[in-house]
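A short write-up of the structure that comes next.
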Amino acid sequence: MYGLVNKAIEEMVCSRFGKNIWQEIKQEAELEVDVFISMEAYPDDITHRLVKAASVVLGLSAAEVMQAFGEYWVQYTADEGYGELMDMSGDNLPEFLENLDHLHARVGISFPKLMPPSFECTDTEEESLNLHYRSTREGLTPMVMGLVKGLGKRFDTEVDITQTQSRNEGADHDEFLVKYKPQ
């Protein structure tokens, strides 16, 4: 994963729990990196170790850490210079979700080693849709749930997301029922 992801994890922890807790997490993760460079690719293992260590230090499940991170990621990337790109990707939650693959394609121009997930919306109705998530990476499904919740905040939309299909249970991809109501 790119350093931008690991920097965001660091920022989230420092802003919510302080720099001392971040140092504990780095120590628990046996991480020797002092500074993450946003545009540099790092082994996925570093991110997984950070999440596992955060889980231990904060007393949360890894899924809770990933979901909180997904929610945080939406505002973080907007603040880190991707806000205009996000603005061009949709004016509301369902439109944005429909355009996620296009957004990742544009981001891939700056991040040539990007291995983005793929998203597909089906059964779209006035206040619900099925979101299909496919990724070559393991363990990021809770992050998707957080991302959708974070996007709900971005679009001032009440969101309820439920996983309806899981790769962990033998499905070929993860699927979510997203119910939303603009406020």
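The values are calculated or read from the model by the stated rules, or taken from the named source; none is laboratory data. From a predicted model like this one, the values you see are computed outputs, not experimental measurements. Just so you know, the surface numbers come from the protein's heavy atoms only, side chains and all, with ligands and any DNA or RNA stripped out. Shrake-Rupley method; radii C 1.70, N 1.55, O 1.52, S 1.80 Å.
Every helix of 4 or more DSSP H residues in the chain counts as -39500 (n - 2.57), and over all residues that averages to -15500 deg cm²/dmol at 222 nm.
Each principal axis of region 80-183 carries a Cα extent, and these read 35, 34, 20 Å when sorted largest first.
The C-alpha radius of gyration of region 1-47, expressed as a fraction of 2.2 N^0.38 Å, stands at 1.07. The share of alpha-carbon pairs in the chain lying farther apart than 24 Å comes to 38%.
Structure remark: mean-square fluctuation, Gaussian network model of the chain, C-alpha springs under 10 Å; the largest value among Gly146, Gly70, Gly81 belongs to Gly81.
Counting only lysines at least 8 places from Lys153 when in the same chain, those with an alpha carbon closer than 29 Å to its own are Lys7, Lys19, Lys52, Lys179, Lys181.
Taking the accessible area of the chain, probe 1.4 Å, and keeping the other protein chains in place, the carbon and sulfur fraction comes to 48%.
Percent relative contact order of the chain, based on C-alpha pairs within less than 8 angstrom and at least six residues apart?
On the way: 259 pairs, mean separation 34.3, N = 183.
Reported relative contact order: 19 percent.
Where only protein heavy atoms count, and the probe is 1.4 Å, what is the accessible area per residue for the chain in Å²?
Working: 9870 Å² over 183 residues.
That works out to 54 Å² per residue.
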